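Visitor: My structure is below; once you've seen it, I'll send some questions.
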Amino acid sequence: MPTEAPRSPGRPWLAGCAVHTENAPRAEVKINGCPFLALLDSGSVVSLVRTSILPPRTETKTKLPITCVHGDTREVPARRVDVGLVRDLPVPVLLGRDWPGFDRLLASVTQPASPARNRPTKKPSRKARRRPVLLASDSPRGGESPRGFSREQHEDDRLKHCWAQVRVAEGKELQPAPHPTPHFIVENGLLYCVAQRRGEEKTLLVVPRSKAVIEIAHAHPMAGHLGAQNTVQGLRDRFHWPGLEAEVRRFCQACPTCQRTSPRTPSPSPLIPLPIIEVPFERIGMDLVGPLPKSARGHKHILVIVDYATRYPEAIPLRKATTKAIAQELFTLFSRVGIPSQILTDQGTPFMSRMMADVCKLLKVQQLRTTVYHPQTDGLVQRFNQTLKQMLRRVAAEDKRDWDQMLPYVLFGIREIPQASTGFTPFELLFGRQPRGLLDVT
């Protein structure tokens with residue numbers, strides 16, 4: 001029953017409860033010679049008395065402000081002993097922390113019921129569940145003494161092979177030196193593992209009950225719920241048990257706090273491999289590059305076309321990036337290499353127009369479009385765009401207005417070089433022969 005009054009300079013102010021118990025502590029008090037069972041409330045800074053248990057002629061000249069659990073504050077009559085009078089108090093007497101000797105009285109009432117093993121197990125309250133666990137143990141009796149810890153080491157089935165590999169016991173060598181690393185020793189009845197950690201030989205305690213140690217190393221406030229790798233590093237420098245790393249990773253993956261607070265990003269969808277095209281110019285990729293610096297002949301854009309079967313590139317300069325200009329250049333190209341079955345483009349305006357749809361419908365060409373803001377679908381053309389722009393930037397460094405005249409020469413250089421994906425030159429795959437280039441003439 002929180003009854004803390006507002007802060008005031010003339011009255012001491014305390015906050016919080018000193019003891020949290022499932023059964024409220026009570027003590028017997030006498031008022032005017034009549035015995036009453038008083039409730040000891042360490043969360044209250046004032047003592048309260050029900051009005052009905054006092055004589056009717058009790059004078060109350062002052063008021064005592066109290067704050068209830070709901071947050072509302074009200075004033076109740078007070079006597080010279082600074083006890084608040086509450087008409088609807090649930091208990092006859094409530095002793096707060098202002099009562100003389102309250103701490104000794106509370107300790108005498110709560111200490112006899114302190115052993116946890118004599119009380120039945122109950123579901124912890126919400127407030128108790130919120131408190132951080134400072135120390136943890138798998139059993140109430142675990143780790144009471146080194147002798148008990150040694151007994152648990154012997155009883156743990158996971159450590160049987162560790163006991164069988166003991167090299168030194170209480171300073172006596174059971175097997176001749178030198179001892180391999182790691183190896184096991186026994187000191188003061190406890191099993192240790194001697195291992196190398198970052199170039200230094202360390203003696204690590206072998207733990208039979210690893211869950212409590214992992215909880216301290218990971219979930220304790222001083223551990224900070226670090227990741228599995230950091231938790232493993234901290235434990236490996238001090239302890240050892242079989243399967244330490246795997247057990248720590250399972251514990252960290254199942255930690256509810258880490259699951260609620262970890263920044264989880266959805267995994268990307270798996271890549272769908274593009275089909276292998278075997279017929280030249282059966283599928284082509286198409287894209288626009290520009291606007292570029294206007295050339296002397298008025299060209300500002302480049303229509304880039306790459307054959308998926310042979311990697312044979314085409315780059316056609318355009319004055320305007322319109323569907324009509326693109327359609328005219330496509331008919332010129334198709335007159336030389338044939339009409340493709342599929343055309344892969346992005347969702348640019350010239351490629352999404354009704355005129356382009358009519359051209360593809362007339363020629364019975366299937367239009368394939370990439371996902372919005374996902375140019376990786378047409379990665380072959382996108383990568384060629386970078387190569388083309390880089391080569392034009394280098395060959396047209398002196399006069400940037402003649403880049404359109406450099407296109408045929410740049411394309412020939414690309415066509416006669418073997419491609420890493422095919423192992424052949426695009427010219428050879430399309431025409432069936434090696435071109436006679438500048439090196440042959442030289």
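Laboratory data are not the source of any read-out in this text; all were calculated from the coordinates shown. From a predicted model like this one, the values you see are computed outputs, not experimental measurements. Here Cβ is always computed from backbone atoms with ideal geometry, including for glycine, and neighbour counts include all displayed protein chains.
Visitor: Quickly rank 194-205, 97-108 as a protection proxy: mean count of other C-beta atoms within 10 Å, highest first.
Guide: Ranking, from highest mean packing down: 97-108, 194-205.
Visitor: Give the order of Ser52, Ser44, Ser295 when sorted by the count of other beta carbons within 10 angstrom, beginning with the fewest.
Guide: In increasing order of surrounding Cβ atoms, one gets Ser52, Ser295, Ser44.
Visitor: Order by neighbour count: Glu170, Glu329, fewest other Cβ atoms within 10 Å first, most last.
Guide: In increasing order of surrounding Cβ atoms, one gets Glu170, Glu329.
Visitor: So between Glu329 and Lys202, what do we pick up on full extension, going 0.36 nm a residue minus the alpha carbon distance?
Guide: Using 0.36 nm per residue and subtracting the Cα-Cα distance, I get 38.1 nm.
Visitor: What share of the DSSP beta bridges in the stretch 167-243 is antiparallel, in percent to the nearest 5?
Guide: Taking every DSSP beta bridge within the stretch 167-243, about 75 percent pair in antiparallel fashion.
Visitor: Let me ask something additional. Could you tell me the relative contact order of the stretch 146-257? Use alpha-carbon pairs under 8 Å, at least six residues apart, and round to a whole percent.
Guide: 20 percent
Visitor: Quick one: if the Förster radius is 22 Å, what FRET efficiency do Leu438 and Gln390 give, using the C-beta to C-beta distance and rounding to 0.05?
Guide: For R0 = 22 Å, the calculated efficiency reads 0.65.
Visitor: How many percent of DSSP beta bridges within the stretch 283-441 run antiparallel, rounded to 5?
Guide: Bridges in the stretch 283-441 that DSSP calls antiparallel: roughly 65 percent.
Visitor: How about the stretch 389-441: which GluC sites (Glu not before Pro) there are in a DSSP loop, with at most 16 other Cβ atoms within 10 Å of their Cβ?
Guide: Glu398
Visitor: Considering only Cα-Cα distances, which of the following residue pairs are longer than 18 Å: Lys324/Lys389; Lys320/Lys364; Lys294/Lys389; Lys294/Lys400; Lys294/Lys320?
Guide: Violating the 18 Å Cα-Cα cut-off are Lys324/Lys389; Lys320/Lys364.
Visitor: Sticking with this structure for a sec: Residue farthest toward the positive end of the dipole of the stretch 239-357, with Cβ of Lys/Arg at +1 and Asp/Glu at -1: which of Gln259, Pro317, Leu330?
Guide: Projecting each Cα onto the dipole axis, the largest value belongs to Pro317.
Visitor: Could you give me D for the stretch 203-342, from Stokes-Einstein at 25 °C and 0.890 mPa s, where the hydrodynamic radius is the Kirkwood radius over C-alpha pairs? Units µm² s⁻¹, please.
Guide: Reported coefficient: 116 µm²/s.
Visitor: Between Asp358 and Asp98, what is the label-point separation in nm under the 7 Å Cα-to-beta-carbon projection?
Guide: 9.3 nm
Visitor: If you rank Tyr192, Tyr312, Tyr409, Tyr373 by fewest surrounding Cβ atoms within 10 Å, what's the result?
Guide: Ranking Tyr192, Tyr312, Tyr409, Tyr373 by Cβ neighbours within 10 Å, fewest first, gives Tyr373, Tyr409, Tyr192, Tyr312.
Visitor: Past the 27 angstrom mark, what percentage of all C-alpha to C-alpha distances in the stretch 283-441 do you count?
Guide: 24 percent
Visitor: Please go through the stretch 244-318 and write out the GluC sites (Glu not before Pro) that DSSP classes as loop and that have at most 12 other C-beta atoms within 10 Å.
Guide: Glu278
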